[in-house]
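The values are calculated or read from the model by the stated rules, or taken from the named source; none is laboratory data. Small disclaimer: the values here were computed from a predicted structure and weren't measured. Positions of Cβ are backbone-derived with ideal geometry, glycine not excepted, and every protein chain shown enters the neighbour counts. Just so you know, the surface numbers come from the protein's heavy atoms only, side chains and all, with ligands and any DNA or RNA stripped out. Shrake-Rupley method; radii C 1.70, N 1.55, O 1.52, S 1.80 Å.
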Amino acid sequence: MVEARILGSGGEVGRTAIFISDRGGKGVLLDYGINFDEEGRPRFPGHVRPVDVEAIVVSHAHLDHIGAVPRLYISGRPMTVLTKPTLEIGNILIKDFLKISGYYIDYEQGEVIEMNEHSILIDYGEEVEVRGYTVLMTSAGHILGSGLTYLETPSGHKIMYTGDVNTVQTWTLTKAELWPKKVDTLIIESTYGGVKHPPRHFIERRLVESIEEVLDSNGTVLIPAFSVGRSQEVIALLAAELPHATVYLDGMSKEVTELYLRNKKFLRDPSMFRKAVENTLFVRGWQDRRKIWRKPCVIVSSAGMLKGGPALYYLKKIAGDPKNAVFLVSYQSPDSPGHEIFESGCISELDIDVRARLQWFDLSSHAGRDGLLEIVYHYRNYVRNIVIVHGEDESRYRLAEGVREVVGEDIELYIPGNGETVELTS
C-alpha cells in the first residue's frame, strides 16, 4: 500500500511537505517548506525522521517549498533531487532566510552546505532513480527551474505532483508541460482553486497603459515585486511593450536576474530575456537610489509585499505626490504592508500615507481554477486518486466541486488536513 502523509499544506498555502511511502518502508518527501505566522515567525512542517527519508524532491525554490530541507541534514543525509536553478535560487533565499529569521531556525549554514553536497541535479524530461523510486520532472511554468514531479514508487504506483503550477505562457517561461504519462495519483495545488484569473494579455495591457499615463505626467512608478519570478516577468514585459521607458531594477531581484541569465535553457526565449536585461538599469547602491526616484521612470524593486527591501525606501519618497504611482503586481498576504496600503491607503506602523496612484494587477504565477481543472482533465482517463493540497479550505472545496464535474464519482478524492495519511489505491 502506498501512503501520502501530509506534513504541511493541508488547508494552508505553503509549508508544503508530503511524505510518500511504499508498503510501510522508507519514502520520498515531496517538498519540505515553511510559512510564517502573523508575527512573521517561521512555521515548520510536521516531523519526519531523517533516517526514513530516501530523498527529497523539491519542486521549486520558494521558501514555502524548500525552506525546511536543510533541517533534515542536522542528523540525516538524504539525497535532494531538484533542478540547477532551484538549487541556486534556493541557496539565495535560504541565505536571506537565515539572515532575517535565524533566531527561530534550528539549522545553520553547515546544513545548507550538506544539502548542496547531497543534491542530484535533474533536467526536464530526465529520469533519476533513488533507491527504488524513479523521479522525472517537466516544466511547471511557475518560476525558473520549477517542475512538475512524476514519481514512481518501488511497487509501481505512479504519482504526479504539481507543486506550484502555471498553465499559461508568460514572458519568461513556457506553460506547464503535462507529460504523456499514465498516473494513478494526482497531487494538485489549489492556491486559486476557486478563482478564475482574468486573461493575462488584458492585465499586461492595462499595466503598460497605466505606466504610460504616469510617465507622460512626469511621474515615477514604483512596482514592488517578488525577487524571484515576478521582477523578471515585469522587466521582460516592459522591454517588449515600453522599450523607451527608463526602467530600474533594485534589491535581491538583481542577483536573481543574473542567475536567470546563467540558466538560459530554462527560459522560454533566452535571447529576448537578455535584451530585456540589457534594457534595464541595475541600481548600484544608495547613491543611485537617492537620485532615480526624482525623475520619471519605472522602479522594479523587492520586496513584493513591501515587508522590507529597497521598495520601502522608494515608497516613502514618492507616496505623497499624486502624479506618482505604486503598482502592486504580487500577491499581498492579509498581514502585509502591501495589503494594508491597498485596503486603507497607508502603512500605519511606518506613518506612510499614500496619495500616489495605487493599483493592483493580477500577474499570478499560479494557475487559476480553469487551469487546474485543465490538468485534471488531462489525466482523467487514468487517475484513481486526486489529493488537493496547498490552499485554504474554501479554495480546496471549490476546486473539488470542479474536479467531480470533470472525473465523476469513480475516483477517490481527498482533501486532507495536516497530519493526515491518505492510502492511495492502484
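Observations
- When the range 410-424 is filtered for residues that are under 19 Å from residue 183 (Cβ atoms), in a loop (DSSP other than H, G, I, E, B) and open to solvent by 70 Å² or more (accessible area, probe 1.4 Å), only 410 remains.
- Hits in the range 337-374 (condition: closer than 26 Å to residue 172 by Cα, among the hydrophobic types (A, V, I, L, M, F, W, C) and open to solvent by 80 Å² or more (accessible area, probe 1.4 Å)): 360
- Among the residues of the range 86-110, the ones that are β-branched (Val, Ile, Thr) and either more than 18 Å from residue 32 (Cβ to Cβ) or in contact with an Asp or Glu (Cβ under 9 Å, 6 or more places away or on another chain) (or both) come to 2 in all.
- Criterion (β-branched (Val, Ile, Thr), open to solvent by 10 Å² or more (accessible area, probe 1.4 Å) and modelled with pLDDT of 95 or more) met by exactly one of 58, 128: 128
- The helices (runs of 4 or more DSSP H) found wholly in the range 255-363 and carrying at least 1 residues that are touching a Leu at 6+ places or on another chain (Cβ under 6 Å) and closer than 24 Å to residue 139 by Cβ occupy 270-278.
- Screening 317, 264 for residues that are open to solvent by 20 Å² or more (accessible area, probe 1.4 Å) and within 25 Å of the chain's Cα centre (by Cα) leaves exactly one candidate, 264.
- Qualifying positions in the range 21-39 - under 23 Å from residue 395 (Cβ atoms) and open to solvent by less than 10 Å² (accessible area, probe 1.4 Å): 30, 31, 32, 33, 34
- If the condition is being part of a helix (DSSP H, G or I) and either over 24 Å from residue 209 (Cβ atoms) or not hydrophobic (A, V, I, L, M, F, W, C) (or both), then the range 231-254 contributes 231, 232, 233, 241, 253, 254.
- In the range 272-293, the residues that are modelled with pLDDT of 95 or more reach residues that are part of a helix (DSSP H, G or I) and open to solvent by 50 Å² or more (accessible area, probe 1.4 Å) with C-beta atoms within less than 7 angstrom, at least six apart or across chains, in these pairs: 293/317.
- Answer residue from the range 366-413, given it is under 20 Å from residue 138 (Cβ atoms) and of a type in the set (D, E, K, R) and is modelled with the lowest pLDDT among those: 380
- The range 61-85, subset under 14 Å from residue 118 (Cα atoms) and under 18 Å from the mean Cα position of the chain (by Cα), residue surrounded by the most Cβ atoms within 10 Å (Cβ to Cβ): 82
- Just so you know, in the range 168-223 the residues that are without any contact (Cβ under 8 Å) to a residue 12 or more places away in the chain and among the acidic types (Asp, Glu) include one that is surrounded by the fewest Cβ atoms within 10 Å (Cβ to Cβ), and it is 216.
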